[in-house]
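A quick write-up on the structure given underneath.
Taken together, the values in this text are just the output of simple stated rules run on the coordinates, not laboratory data. From a predicted model like this one, the values you see are computed outputs, not experimental measurements. With ideal geometry, Cβ positions are generated from the backbone for all residues, glycine too; neighbour counts draw on all protein chains shown.
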Amino acid sequence: SSNKRKLIAGNWKMNGSLAFNEALVTGIHEGLARAIPQCDVAVCPPAPYLQQVRSLLEQGGAVELGAQDLSMHDSGAYTGEVSAAMLRDFAVRYVIVGHSERRSYHGETDTHVAIKVQKALAAGLTPIVCVGETLAQREAGLTEVAVKQQLAAVIHLNGHCISEIVVAYEPVWAIGTGRTASPEQAQEVHAVLRAQLRAASERADRIRILYGGSMNAANAAALLAQPDIDGGLIGGASLKVPDFLSIIAAAG
Ligand code: PEP
């Protein structure tokens, strides 16, 4: 793949505080000032902290801002939700869509995810679309079927616009478990997703397909060396400055 810049995105999930976020972003900036990253870097804090982190990022280097979710509606009576336009208002560049925690704890279906991708693209945000099989699906030999079905819904609704998305392959059994897909297991699925994207868009080769699921300082380099792995979506390790910096260095 790899003439495109890799993307390393930190998904902070429901972690952080004003003080924690400031220390984390300051630490990342200090590290990146010593070693200029050769990849794109983003952090995705919880929504209430977007303004704080935006202002911290403006003082520093080249780290971009992402959100963890968005509404599938434009505005109105949707208590608790945050729209694509609101994210744009705060200089958000990326938005994670369809994370497995949203799918499993909040009932997000493939259709919801496809609509959210459409809303993100229409607002000029880059959606990071998460797909991934459960352990039961993998053990039943249904990995390919599962991820293709998830991505197909997004392609069906968004057509050629999918050349503007980022995809994240996140096997559910690897998220937060310390159990990582091997580089070969990940590459196998990334190749399947790449073929599916190629069939839908002439510009599929520019789409970055990230791996996510217990990526850390020790395993990042081998995963990122695979031909169809164009970066990482990092949960736990993105909350620790040295670990996040090591993964960024591995992507350079
Ligand atoms: C994630 O939730 O996107 C993720 C990859 O988490 P972790 O790195 O903690 O497995």
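Some points to look at:
- Value at 222 nm in deg cm²/dmol, rounded to 500, when DSSP H runs of n ≥ 4 in the chain each add -39,500 (n - 2.57): -12500 deg cm²/dmol
- Calculated FRET efficiency, Ser17 to Tyr78, Cβ-Cβ distance, R0 = 30 Å: about 0.65 to the nearest 0.05.
- Stretching the chain fully between Ala62 and Glu188 yields a gain of 42.2 nm (0.36 nm per residue, less the alpha carbon separation).
- Entry note: the stretch 5-80 has Rg to Rh equal to 1.03, where both radii use alpha-carbon atoms and Rh is the Kirkwood radius.
- Nearest-0.05 FRET efficiency for Ala35 and Ala85, computed from C-beta distance (R0 30 Å): 0.25
- Relative frequency of Cα-Cα separations exceeding 14 Å in the stretch 173-241, percent: 57 percent
- Note on the chain: GNM, Cα springs under 10 Å; of Gln68, Gln185, Gln196, the largest mean-square fluctuation is that of Gln185.
- Gaussian network model of the chain, Cα within-10 Å springs - most flexible of Lys148, Lys240, Lys116: Lys240
- Taking only alpha carbon atoms, the stretch 7-250 gives an Rg to Rh ratio of 0.94, where Rh is the Kirkwood radius.
- Assigned charges on the beta-carbon of Lys, Arg, Asp, Glu; the stretch 7-250 dipole about Cα centre (debye): 80 debye
- Whole-Å distance, taken between Cα centres, linking the stretch 84-149 and the stretch 1-34: 21 Å
- Surface/4 of the Cα convex hull for the stretch 124-239, nm²: 7.1 nm²
- For the chain, modelled as a GNM whose springs connect Cα atoms under 10 angstrom apart, the maximal fluctuation among His156, His106, His29 occurs at His106.
- Sorting 128-139, 197-208 by average packing, meaning the other beta carbons within 10 Å per residue, from highest down gives 128-139, 197-208.
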